[in-house]
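Chemist: Okay, here's the structure, questions in a sec.
The values are calculated or read from the model by the stated rules, or taken from the named source; none is laboratory data. Small disclaimer: the values here were computed from a predicted structure and weren't measured. Neighbour counts run over all protein chains shown; Cβ positions are idealised from the backbone, glycine included. Heads up: the accessible areas ignore ligands, DNA and RNA and are worked out on the full protein's heavy atoms, side chains in. Shrake-Rupley method; radii C 1.70, N 1.55, O 1.52, S 1.80 Å.
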Amino acid sequence: MFSDPQQIAPQLMYSNRPVKVKIYLSAKLECMFSGYDPQSQNLPYIKWYFDNGTQIQRSAKFGFAHENRVLTIGTVSEDDEKIYKCEASNGAGTSKKEELFLNVTGPPMFVAGGAPSDIIVLKGKDAVFNCNAKSVTSELQPEEPIWYINGIRTGLHTDPKKYVASDGNRKLTVKNVKKDTDILCVQCYVENSEGGIWGDGCVTVILPIKVIQQPVTPQEIEHGDVIDLAVTATTDPSMTLKQKWEHNGTVYDNLDQIPFVKQRAINTSELSEDQFKEVLGLYIVTLYHSHDSKIIDINVVTTFKPVVTVPV
């Protein structure tokens, strides 16, 4: 059986390979085929394939346009960088699979936790900012980050004892921050062959928790004495100071929940002998907020030594 001499099998006439697109944008891959089939007025039918041979189906990610000549890929990611194949067929035959490489490119991207961010730091501690970015898979890795402090690029004028760059300039440490003077924001810029990216973060310095009053420990008492449990502390005005108590392994949300406590003390003269024994032991108070904590131990012991009668 001979094919109609007027039939012409599909042949590739044009493709837009290689295709280069920036990450997170959409991509269009195009194949145009010649060919003729008098039994059909349609152009050659085009199919698209992944490099592993699986045919690409229309989905939320992939689409087709212009009689399937164009494959569209939405919101391109690094995983989309690969070879795609187009193939056309009509009554005269099928073309070979033509390869189109999609090169996904773009400026640097911050890795998880790599961008500088706003931080809260206790007075006297160090503020640490990160600037860790990477390029997409096929690109050269970025240049070292460039740091700015309150919009001014760091350099020879920058105090090296106060501002310490490390880890290939991917980390900037502000040493021993002060509440009244370290009112600052930092910026970093990272660049590769395809562009650059900015990141910024500011530091807020807060006062640490300061204990103003606490009981002596150990407290040596006898039955009838008062156990002092009064603890007073201050912290930064922007923070809400909380406390948690523990007595001999039992945890309480606040001091008033502890049995026999009145006005931050226990008057043992109001207790029986058995109750007196119950209030002895270790009291632990934790003063805290989301950025600081202090733990205070108050050990309460008795000086009373019972008289031991020796039989005659």
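Chemist: Of everything in segment 220-257, what is of a type in the set (Gly, Ala, Ser) and outside any strand (DSSP E or B)? Give them in sequence order.
Modeler: 224, 230, 238, 249
Chemist: Looking at segment 131-160, which of the residues that are within 20 Å of residue 202 (Cβ to Cβ) and in contact (Cβ under 8 Å) with a residue 60 or more places away in the chain is surrounded by the most Cβ atoms within 10 Å (Cβ to Cβ)?
Modeler: Among residues in segment 131-160 that are within 20 Å of residue 202 (Cβ to Cβ) and in contact (Cβ under 8 Å) with a residue 60 or more places away in the chain, the one surrounded by the most Cβ atoms within 10 Å (Cβ to Cβ) is 131.
Chemist: Moving on. Any idea which residue in segment 117-165 is farthest from the chain's Cα centre (by Cα), counting only those that are over 30 Å from residue 81 (Cα atoms) and basic (Lys, Arg)?
Modeler: In this case the residue turns out to be 161.
Chemist: Residue 116: outside any strand (DSSP E or B), farther than 30 Å from residue 189 by Cβ and open to solvent by less than 40 Å² (accessible area, probe 1.4 Å), yes or no?
Modeler: No; evaluated as a whole, the condition is false for this residue.
Chemist: Being within 16 Å of residue 146 (Cβ to Cβ), out of contact with any helix residue (DSSP H, G or I) (no Cβ under 9 Å at 6 or more places or on another chain) and either at pLDDT 95 or above or open to solvent by 20 Å² or more (accessible area, probe 1.4 Å) (or both) narrows it down to one residue among 179, 171, 175; which is it?
Modeler: 171
Chemist: Turning to a different aspect of this structure: Give the residue that is farthest from residue 72 (Cα to Cα), with candidates limited to residues of segment 10-30 that are assigned to a strand (DSSP E or B) and open to solvent by less than 40 Å² (accessible area, probe 1.4 Å).
Modeler: 10
Chemist: Right, something else. Could you identify the single residue in 131, 202 that is out of contact with any Pro (no Cβ under 7 Å at 6 or more places or on another chain) and at pLDDT 95 or above?
Modeler: The match here is 202.
Chemist: Out of 101, 33, which single residue is assigned to a strand (DSSP E or B) and farther than 30 Å from residue 143 by Cα?
Modeler: It is 33.
Chemist: Filter segment 59-98 down to the residues that are outside any strand (DSSP E or B), among the β-branched types (Val, Ile, Thr) and buried (at least 16 other Cβ atoms within 10 Å of the Cβ) and list them by number.
Modeler: Of everything in segment 59-98, just one residue is outside any strand (DSSP E or B), among the β-branched types (Val, Ile, Thr) and buried (at least 16 other Cβ atoms within 10 Å of the Cβ), namely 76.
Chemist: Go over the candidates 212, 227, 197 one by one and state the one that is open to solvent by 70 Å² or more (accessible area, probe 1.4 Å), at pLDDT 95 or above and among the hydrophobic types (A, V, I, L, M, F, W, C).
Modeler: 212
Chemist: Would you point out the residue of segment 141-173, among those that are out of contact with any Ser or Thr (no Cβ under 6 Å at 6 or more places or on another chain) and of a type in the set (A, V, I, L, M, F, W, C), that is farthest from residue 103 (Cα to Cα)?
Modeler: 156
Chemist: Could you say which residue among 112, 127 is closer than 30 Å to residue 176 by Cβ, in contact with a strand residue (DSSP E or B) (Cβ under 6 Å, 6 or more places away or on another chain) and hydrophobic (A, V, I, L, M, F, W, C)?
Modeler: So the residue among 112, 127 that is closer than 30 Å to residue 176 by Cβ, in contact with a strand residue (DSSP E or B) (Cβ under 6 Å, 6 or more places away or on another chain) and hydrophobic (A, V, I, L, M, F, W, C) is 127.
Chemist: Here's something else I'd like to know. Hey, among 101, 110, which residue is within 22 Å of the chain's Cα centre (by Cα), open to solvent by 40 Å² or more (accessible area, probe 1.4 Å), at pLDDT 95 or above and not β-branched (Val, Ile, Thr)?
Modeler: Criteria check complete, one pass: 110.
Chemist: Can I ask one more? Answer with yes or no whether residue 217 is in a loop (DSSP other than H, G, I, E, B) and of a type in the set (Val, Ile, Thr).
Modeler: yes
Chemist: Let me ask something additional. Condition test on residue 47, is it open to solvent by 50 Å² or more (accessible area, probe 1.4 Å) and either modelled with pLDDT of 95 or more or within 26 Å of residue 194 (Cα to Cα) (or both)?
Modeler: It is true that residue 47 is open to solvent by 50 Å² or more (accessible area, probe 1.4 Å) and either modelled with pLDDT of 95 or more or within 26 Å of residue 194 (Cα to Cα) (or both).
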